[in-house]
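We did not get these values from a lab; they are worked out from the coordinates using the rules stated. Since this is a predicted model, take the numbers as computed values, not measurements. Glycine gets a Cβ as well: all are built from the backbone with ideal geometry, and neighbour counts include every protein chain shown.
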There are 2 protein chains.
Amino acid sequence: MKELVYHRQLLPAAERSAERTATIDGTFRATYAEHMDRVFRLAHALSHQLGVGRTDRFAVMALNSHWYLELYHAAFLGVGVVNPLNLRLAPAELAYILRDSGTTVCFVDPTFATVIDAVRAEAGIETVVLIGDGDVPHDITIEALIAAGEPVVPAEPEEDDPVVLMYTGGTTGLPKGVLLDQRAEMLNLYHVAQMWEFDESFVFLHQTPMFHAASMGGILGIPSVGATSTFVPVFDPGAVLEAIERDQVTMTVMVPTMIGMLMAHPEFRPERLASLDILTYGASPMPAALLERILETMPDLDLYQGYGMTESSAVLTALGPDDHRAGGSRLHSAGRALYGVVLSIQDADGNALPTGQTGEVCARGGNFMREYWNNPEATEEAFHGGWYHSGDAGYLDEHAYLFLVDRVKDMIVTGGENVYSVEVENAIAAHPAVAQVAVIGIPHDVWGEAVHAVVVTRDGMEVTESEIIEHARPKIAGYKLPKSVEVRAEPLPLSGAMKVLKRELRKQYWEDAERGVN
Amino acid sequence: MKELVYHRQLLPAAERSAERTATIDGTFRATYAEHMDRVFRLAHALSHQLGVGRTDRFAVMALNSHWYLELYHAAFLGVGVVNPLNLRLAPAELAYILRDSGTTVCFVDPTFATVIDAVRAEAGIETVVLIGDGDVPHDITIEALIAAGEPVVPAEPEEDDPVVLMYTGGTTGLPKGVLLDQRAEMLNLYHVAQMWEFDESFVFLHQTPMFHAASMGGILGIPSVGATSTFVPVFDPGAVLEAIERDQVTMTVMVPTMIGMLMAHPEFRPERLASLDILTYGASPMPAALLERILETMPDLDLYQGYGMTESSAVLTALGPDDHRAGGSRLHSAGRALYGVVLSIQDADGNALPTGQTGEVCARGGNFMREYWNNPEATEEAFHGGWYHSGDAGYLDEHAYLFLVDRVKDMIVTGGENVYSVEVENAIAAHPAVAQVAVIGIPHDVWGEAVHAVVVTRDGMEVTESEIIEHARPKIAGYKLPKSVEVRAEPLPLSGAMKVLKRELRKQYWEDAERGVN
């Protein structure tokens, strides 16, 4: 039985849960019967009215909403390949991606309608579909499509049908299209199911942007067991607190930056998160001080860390609640490979390194992308030697726990010594006046690179460069200490996925664009 | 990445665990480095010396041992298809299976050497390989093969390469060969990994016979994470108690009959099982009284029930420790579908039945066999309508917990009423004098079939027919009460997989062989 098709999992779950709530989005609510009716109609209209064929791409540029989930589901039922767009893209990048993907249909919500309109001609978009209502230029609305479509179950897709084309962050050179097929997504779901033990009683809040791989576990997993999805349009700490309370959210995924902002919000009180059973974090390293604050403040919360990337759609390793509660050094680990994933730490020549030695984190697994779209060279480079090369530096301990040291590209080489910025950031983040910190390498005549810290202070607090350095001194080796510290009140620049854009911080120091990657 | 090949999981795990213990078998011990060296040599000799090609079958008829695991691993590395033989087979069945499978090489241990010798010519066996030592007729020993083979890693198999050909019990008509490929076994392992959360610290005791599907989780799963396997040659309560204590076993799989025998053993004390963290049971229904006894006696044990069949290799649903501790009616459930498995309860016409209604348990999932070997009619029948038809009767509750009512074939129809034998057995099993009970239908002039109980008394205890009936009366409806009870001291006849052979019990009552199935 060729069962690695989402269709096979979603349809019976939706049927079993026909009367249960599928989506809550403000005042909008749909049972699974209603949700599937909308998805079937949307899929039908996509193919019959807009002419989107089985492997044709359609783009989505929108804030989180029930419509976004419906669009993903239409693709997963075998009607087109969804191309979710990063909301921070500059017009030139956007036009590049839309042209590169060959997308001719673009769904857009009122927030981004003018952005799409500006690149529409250049990008070759034939049809713009407006999500929701709004007085903005568009050819048709998604609700009109849903009304016009027929509620028929599409023909079952094949395992190797492409289903998602997701462009990577665009923080390194030109964006690359990660092409994921049904099989890869289903194997990712097997991994997610090992981590979370899905249950139809879950109420999942989408707060990470739904264009991002970190959302895929929720997008696919939650409906596949008949559980409930709820949404905030865009991350906002106050709105998240309200949504969790109002919808009695049991589970969510956040990136560390979001958690920090949530806990720093003036209206944050742990009781407001009482319904929350599971908090999964990932996408970037968690500062040790923040993790300890979460564990102290909400001891009953089951914490999971997931590590993965768009190319693996997404999760490769997980650190579970038991490991979090046990504390100690494992708190700083990304956990162990989920069953079906194999990790290998390799040196620059592709040799496997022994336990405890730091090298590039490489992985294999059935959940990896098929290819970078239209980019065989990049595909070959990513998978050379039969392993996916993550670009992350890390090591495995004797119990096969993965410790991520840094992005290989974020490693600072100062006087011939490797300094991993995360280590320096952890040493600084524990200072009571520090709200955010990012450590980068900047040019230095003697050492090649020098360690430089950018520190954002907490509201109303002050700190000096030397206080920061003295605070870090007992924690890390002398050569890892920042040579210079910028103290500022304005927040760090963030990517669409809420990762700190180190590239932006580096820009003023480096003229060479090659070095200025993130 | 086409990763659904056991090779990909085993090799890195074995490498990572090179110095850890792979197998303990009496005085024999092998690290993973040693185990893999043996397996590579064995695989090499199988193909180069005995001419077993990639899809050629080789049979094994042996008690549990480290050699059995090595033979499975040789097949899983892509050298031949292992055909494990049920140890209770009559010579005619054995000859049939060996001919049907086209096996020309048979591995046999001293216990079964004469059995194989007797059918060798008729079955077309060209080479008999003796497992272990012993002064019995053979062409070569497995140790000689291992010594002669070269320790080279075989070429990686393909996902759809067949790897196991396992004949079903043979209790219904002619045995059917269940052909399982790499992909099905790997997807089964994904299911097993969801259930157990494998860990390299596990010490797994093989006590269910290794020819049986119930052993597959341990055979494949334990080495795939670098954990330790240990063995008793054949189930014996005293030997199991000793093995658990001696090897500090943390995990094992048993069928309910075995657990009952273990706990009834004069030297059973719960402290002797102190190292045991996880006990998984399955393969036949657990009498309620026995389950309650286990929960009372060993409250710290994590109990799992797995439900599946050879055709699904093996696990479809699981009931976990939390459900066991919560108690109540879920104790009598087989649990919920593992992620990737879809269940459907169907009537005789293939219509899906609603929640709560009893029908045939049907399932889909990537872990199912490819086909019954050489038997397209049986394959078509088993999968008609796109679902695997289990032959088990059951229903799903509103939380999707599966309740198995009985084998469809074990249902007794008396006066037009359906009686499920398990229900009657549960009502009788709680009587203090009852060690074992089996309920069957026997011919009755008025009712068509009458409910008949066969009761085995505990050592030194006595009970009468009317005491049994009066004990059951408050528990079940009148038409379900046995019309007759046979009280006896001798144990019930058991199949090779330790299931009660109801066919044997029925034989004396039914002349019509068609009805006398199990």
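Under the definition of Cα pairs under 8 Å and six or more residues apart, what whole-number percent is the relative contact order of segment B:411-507?
Values: 169 pairs, mean separation 26.7, N = 97.
For segment B:411-507, the relative contact order is 28 percent.
With just the Cα atoms defining each centre, how far is segment A:357-399 from segment B:249-280? Give it in Å.
Here the two parts' Cα centres lie 44 Å apart.
Please give every one of the lysines within straight-line cross-link reach of B:LYS483, meaning a C-alpha to C-alpha distance under 21 Å, and leave out same-chain neighbours fewer than 8 residues apart.
Leaving aside lysines fewer than 8 places away in the same chain, those within reach of B:LYS483 are B:LYS409, B:LYS475, B:LYS502, B:LYS507.
Within the set of other residues whose C-beta is less than 13 Å from the C-beta of A:PRO270, count the net charge using Lys and Arg as +1 and Asp and Glu as -1.
Details: positive: A:ARG269, A:ARG272, A:ARG293; negative: A:GLU245, A:GLU267, A:GLU271, A:GLU296, A:ASP300.
Taking every other residue near A:PRO270 into account, the sum is -2.
Name the residues of segment A:451-473 whose amide N is less than 20 Å from a point 7 angstrom out from the Cα of A:ARG488 along the C-beta direction?
Counting only backbone N, you get A:451-469.
Give, in nm to one decimal, the length gained when the segment between B:THR141 and B:VAL234 is fully stretched (0.36 nm per residue of separation minus the Cα-Cα distance).
On the way: separation 93, 0.36 × 93 = 33.48 nm, distance 2.13 nm.
Computed gain between B:THR141 and B:VAL234 is 31.4 nm.
Taking each residue of B:14-26 in turn, how many C-beta atoms of other protein chains fall within 10 Å of its C-beta, and what is the average? Write down the numbers at each step before the final one.
Values: counts 0, 2, 9, 1, 0, 0, 0, 0, 0, 0, 0, 0, 0.
Rounded to a whole number, the mean comes out at 1.
Which whole number gives the average count of other chain Cβ atoms within 10 Å of the Cβ atoms across peptide A:338-349? Numbers along the way, then the final one.
Numbers: counts 2, 14, 10, 2, 7, 2, 3, 0, 0, 0, 0, 0.
Average per residue, whole number: 3.
Could you work out the mean count of beta carbons from other protein chains within 10 Å of each residue's beta carbon in A:117-127? Present the calculation step by step, with values, prior to reporting the outcome.
Values: counts 0, 0, 0, 0, 0, 0, 0, 0, 0, 0, 0.
That works out to 0 on average.
So, in Å, what gap is there between the alpha-carbon centers of segment B:184-230 and segment A:176-192?
Cα centres, segment B:184-230 to segment A:176-192: 26 Å.
Ordered by packing density, taken as the mean number of other Cβ atoms within 10 Å over each peptide's residues, highest first, how do A:30-42, A:339-351 rank?
On the way: A:30-42: 21.2, A:339-351: 17.4.
Ranked by mean Cβ neighbours within 10 Å, highest first: A:30-42, A:339-351.
What relative contact order, as a whole-number percentage, does chain B give when Cα pairs under 8 Å and 6 or more residues apart are counted? If you can, show how the numbers build up before the last one.
On the way: 1119 pairs, mean separation 58.5, N = 518.
About 11 percent, as a whole number.
Hey, rough spin-label estimate for B:HIS48 and A:GLU296, points 7 angstrom out along Cα→Cβ, what's it come to in nanometres?
6.4 nm
Given bins 10 angstrom wide, list per bin the percent of all Cα-Cα distances in the protein assembly as shown, short to long.
2, 10, 18, 22, 19, 14, 9, 4, 1, 0, 0
Can you give the angle from 0 to 90° between the axis of helix A:66-76 and the longest principal axis of chain A, with both taken from C-alpha atoms, to the nearest 10?
Around 80 degrees separate the two axes.
Percent of Cα-Cα pairs more than 21 Å apart in segment A:260-402, please.
On the way: 5015 of 10153 pairs.
So the pairs more than 21 Å apart make up 49 percent of the total in segment A:260-402.
Give the cross-link partners of B:LYS2 among the lysines, using a straight C-alpha distance below 29 Å as the criterion and excluding same-chain residues fewer than 8 apart.
Output for B:LYS2: A:LYS2, A:LYS176.
Report, in whole Å, the centroid distance computed from the Cα atoms of segment B:293-318 and segment B:1-74.
Centre-to-centre (Cα) distance: 27 Å.
Could you calculate, for segment A:391-446, the ratio of the Cα radius of gyration to the Kirkwood radius, expressed as Rg to Rh?
Values: Rg = 13.3 Å, Rh = 12.8 Å.
For segment A:391-446, the value is 1.04.
If I take R0 = 22 Å and measure r between the Cβ atoms of A:GLU197 and B:ASP160 in this structure, what FRET efficiency does the formula 1/(1 + (r/R0)^6) give, to the nearest 0.05?
On the way: r = 30 Å, r/R0 = 1.37.
Working from the Cβ atoms, E equals 0.15.
Grab the DSSP H runs of chain A that are 4 residues or longer, score each as -39,500 (n - 2.57), total them, divide by all residues and round the 222 nm result to the nearest 500 deg cm²/dmol. Provide the component values of the computation, followed by the final result.
Numbers: 16 runs with 158 residues, N = 518.
After summing the helix terms and dividing by residue count, I get -9000 deg cm²/dmol.
Take the Cβ-Cβ distance between A:GLU271 and B:GLN346 as r, set R0 to 60 Å, and report the resulting FRET efficiency rounded to the nearest 0.05.
Values: r = 48 Å, r/R0 = 0.79.
Efficiency for this residue pair is about 0.80.
Which whole-number percent gives the relative contact order of segment B:345-471, counting Cα pairs below 8 Å spaced six or more residues apart? Write out the running numbers ahead of the final one.
Numbers: 200 pairs, mean separation 20.9, N = 127.
Here the relative contact order equals 16 percent.
Apply 1/(1 + (r/R0)^6) to the Cβ-Cβ distance of B:GLU150 and B:ARG370, taking R0 = 25 Å, and write down the FRET efficiency to the nearest 0.05.
Working: r = 31 Å, r/R0 = 1.25.
Calculated value: 0.20.
Specify whether the C-alpha gyration tensor of segment B:411-507 places it in the rounded, prolate or oblate class, a ≥ b ≥ c being the square roots of the eigenvalues: rounded for a/c under 1.5, otherwise prolate if a/b is larger than b/c and oblate if not.
In terms of gyration-tensor shape, oblate.
Output the 0 to 90 degree angle, nearest 10, between the alpha-carbon long axis of helix A:237-247 and the longest principal axis computed from the alpha carbons of chain A.
50 degrees
Evaluated at 37 °C with a viscosity of 0.692 mPa s, what Stokes-Einstein diffusion coefficient in µm²/s does chain B have when Rh comes from the Kirkwood expression over alpha-carbon pairs? Intermediate values should be presented prior to the final figure.
Values: Rh = 23.7 Å.
Reported coefficient: 139 µm²/s.
Which angle between 0 and 90 degrees, to the nearest 10, do you get for helix A:91-101 versus the longest principal axis of chain A when only C-alpha atoms count?
60 degrees
So for each of B:317-325, A:365-373 I average, over its residues, the number of other beta carbons within 10 Å; can you give me the resulting order with the highest mean first?
Values: B:317-325: 18.9, A:365-373: 23.9.
Packing proxy ranking, top to bottom: A:365-373, B:317-325.
Just rank B:ASP100, B:ASP199, fewest to most, by other beta-carbon atoms within 10 angstrom. Walk me through the numbers on the way to the answer.
Working: B:ASP100 20, B:ASP199 15.
Exposure proxy ranking, most exposed first: B:ASP199, B:ASP100.
Suppose every K and R has +1 on its Cβ and every D and E has -1 on its Cβ; what is the size of the dipole of segment B:6-396 about the Cα centre, in Debye to the nearest 20?
On the way: 22 positive and 50 negative charges, 60 e Å.
Dipole of segment B:6-396, to the nearest 20 debye: 300 debye.
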